[in-house]
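Taken together, the values in this text are just the output of simple stated rules run on the coordinates, not laboratory data. In this text the structure is predicted, and so the values were computed from the model without any measurement. Cβ placement follows ideal geometry from the backbone for every residue including glycine, while neighbour counts extend to all protein chains displayed.
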């Protein structure tokens, strides 16, 4: 499976088409997605359900036009990407794990606990199936109030699927669970001021 290097712009434009205002989209030359696409995708509880939605088909067909291989594993991985990204409301440029590990409250003020608990984050890292993975990562995105980088989250999802299907064996320090743990605990160990989280 090819990752985000090749498809990052397509994913970002697809996400922007659903979430950015019409003036911003017009300036970027991106057609707005029908509002029904976002609503339908948000109601989907599985990757299989996402595959049947017009909003996903728009993304999938564009990816195929760019040379993505039409195989079931790619379809499942990209449907999971769509199912999660539809819950990201604001692109703050941050990695999912780093955002989850931050010790701040909803107002951006320093807190004693990370936004996402270690237990919930560990469950994401140890998700045994693609369906469990989708449920867990979507729950974390919601807990982050829909703030994360769509392209970085998509890249994480694609890497998880690569490793799940063992398409590309990785050294321990390159595996997604190790990278997530490093990002999470690095963020959890930082002291935050209001200016860092604004």
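The length gained by stretching the chain between residue 26 and residue 190 to full extension, at 0.36 nm per residue less their Cα-Cα distance, is 55.1 nm. Radius of gyration (Cα atoms) of the stretch 1-88, expressed as a multiple of 2.2 N^0.38 Å: 1.04. Each listed q (0.09, 0.15 Å⁻¹) maps to a log10 I(q)/I(0) for the chain from the Debye sum over equal C-alpha point scatterers, namely -0.33, -0.92.
Packing order of peptides 5-12, 51-58, highest average first: 51-58, 5-12 (average count of other Cβ atoms within 10 Å over each peptide's residues).
Using 1/(1 + (r/R0)^6) with R0 = 30 angstrom and r between the beta carbons of residue 105 and residue 36, what's the FRET efficiency to the nearest 0.05?
Working: r = 35 Å, r/R0 = 1.16.
Efficiency at R0 = 30 Å is approximately 0.30.
Distance from the C-alpha centroid of the stretch 16-46 to that of the stretch 68-146: 20 Å, rounded to the whole angstrom. Put simply, when 76-86, 21-31 are sorted by average Cβ atoms within 10 angstrom per residue, most first, you get 76-86, 21-31.
Quick check: residue separation of residue 46 and residue 6 times 0.36 nm, minus the Cα distance between them. What number comes out in nm? Spell out each step's value before the answer.
Values: separation 40, 0.36 × 40 = 14.40 nm, distance 2.55 nm.
Between residue 46 and residue 6, full extension yields an extra 11.8 nm.
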